[in-house]
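Take a look at the structure set out below.
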Amino acid sequence: MHKDIATPLRTKEILHKYGFSFKKSLGQNFLVDTNILRKITEFADLTKETGVIEIGPGIGALTEHLARTSKKVVAFEIDQRLLPILEDTLSPYDNIQIIHQDILKANVQDVIEKEFSGIKDIMVVANLPYYVTTPILLKLLTEQLPLKGIVVMLQKEVADRVSANPGTKEYGSLSIAIQYYTKAETVMIVPKTVFNPQPNVDSAVIRLMKRDKPIVEVEDEAFFFQITRASFAQRRKTILNNLTSALPNGKENKDLILSSLEKANIDPSRRGETLSIQEFAALSDVLLRTLP
Ligand code: SAM
């Protein structure tokens with residue numbers, strides 16, 4: 001086994017050797033604690049049959065742990081300056097492919113077909129760049145990729161929202177979007193001290209395991225998500241007021257929205273945060289049929 005990249009000393013040596021300076025705008029907070037890396041890898045339940053997609057390998061701290069415990073790792077890195085460093089630090093491994101690309105612009109489906117042919121179990125495992133956690137998660141889930149699950153580190157505040165239940169202040173359209181596709185749980189809270197540089201916020205690791213089919217059936221997925229987002233537009237407003245002001249043509253159709261809420265057995269004076277995913281599904285199906 002090779003010397004770990006993620007010790008504070010080795011990381012310092014690598015950064016010094018290449019004169020690397022962190023870009024805050026790219027969410028560059030590197031992990032310098034091998035125990036945390038081992039735990040993240042364990043939560044992902046990898047085997048020598050698993051293909052792993054990593055987002056943002058940095059200097060390869062997590063990448064090498066993934067390579068040791070899986071069949072193959074494909075890692076997307078946006079920062080060109082890290083490519084020669086990764087080539088050096090990850091040279092002992094022959095099962096890693098680095099792709100220099102913004103994950104939000106990548107055709108992940110194509111990459112999976114090309115790089116993971118014959119591999120059934122595909123996991124995303126990453127210490128995400130915090131400025132884009134939500135768009136990355138939504139992209140991975142809405143593009144219907146053949147993933148088994150996602151284990152990622154992100155801001156604790158976002159982790160709380162992802163796994164929140166109805167009736168809590170963290171519950172919102174992100175909780176619904178993620179729980180629609182996956183069984184979501186927070187598996188570890190992580191202190192700031194394991195990063196270099198240390199982020200301003202607390203972190204957590206979440207595990208999202210894809211459901212065989214979404215938790216509820218809806219007639220139109222895009223419309224369902226539009227309704228959930230509109231319902232939380234202003235948290236203090238009732239669902240009736242939010243839908244009226246946040247849906248296009250909502251104001252003209254206030255009566256139809258009101259009758260749809262009644263038809264779906266939802267009191268119009270409730271707030272969005274009290275509705276279950278099943279209630280949102282029923283409401284979105286009624287509105288789809290009722291609104292012009
Ligand atoms: N995996 C490393 C670790 O744990 O030490 C680095 C994690 S650091 C939090 C986030 C990484 O994501 C950085 O390497 C950054 O350059 C990269 N990154 C930022 N935005 C990205 C994007 N849109 N697509 C791909 N990589 C990105």
**OP:** Select from the stretch 1-53 the residues that are part of a loop (DSSP other than H, G, I, E, B) and basic (Lys, Arg) and write down the one among them that is farthest from the ligand (Cβ to nearest atom).
**Re:** LYS48
Subject >> Qualifying residues in the stretch 209-242 (those that are without any contact (Cβ under 8 Å) to a residue 24 or more places away in the chain and not polar (S, T, N, Q)) - the one surrounded by the fewest Cβ atoms within 10 Å (Cβ to Cβ) >> reply: ASP212
**OP:** Tell me which residues, restricted to the stretch 243-289, are in contact (Cβ under 8 Å) with a residue 24 or more places away in the chain, farther than 18 Å from PHE224 by Cβ and of a type in the set (Ser, Thr, Tyr).
**Re:** SER259, SER269
Original post:
If GLU87 passes every condition in (1) under 21 Å from PRO8 (Cβ atoms); (2) without any contact (Cβ under 8 Å) to a residue 60 or more places away in the chain; (3) assigned to a helix (DSSP H, G or I) but one, which one does it miss?
Top reply: (1)
Original post:
Take the residues of the stretch 98-145 that are away from the ligand (no atom under 15 Å from the Cβ), outside any strand (DSSP E or B) and buried (at least 16 other Cβ atoms within 10 Å of the Cβ): which is nearest to the chain's Cα centre (by Cα)?
Top reply: LEU141
Original post:
Residues of the stretch 76-91 being of a type outside the set (D, E, K, R), in contact with a strand residue (DSSP E or B) (Cβ under 9 Å, 6 or more places away or on another chain) and crowded, with 17+ Cβ neighbours inside 10 Å, which ones?
Top reply: PHE76, ILE78, LEU82, LEU86, LEU90
Original post:
Regarding VAL73, is this residue over 22 Å from PRO199 (Cβ atoms), surrounded by 17 or more Cβ atoms within 10 Å (Cβ to Cβ) and more than 10 Å from the ligand (Cβ to nearest atom)?
Top reply: yes
**OP:** Only residues that are among the basic types (Lys, Arg), surrounded by fewer than 18 Cβ atoms within 10 Å (Cβ to Cβ) and more than 16 Å from the ligand (Cβ to nearest atom): list them for the stretch 146-170, please.
**Re:** LYS148, LYS169
Original post:
Can you tell me which residues in the stretch 54-70 are β-branched (Val, Ile, Thr) and not in a helix (DSSP H, G or I)?
Top reply: ILE55, ILE59
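Taken together, the values in this text are just the output of simple stated rules run on the coordinates, not laboratory data. Just so it is clear, the model here is predicted, and its values are computed rather than measured. Positions of Cβ are generated from backbone atoms using ideal geometry, with glycine treated the same way; all protein chains shown enter the neighbour counts.
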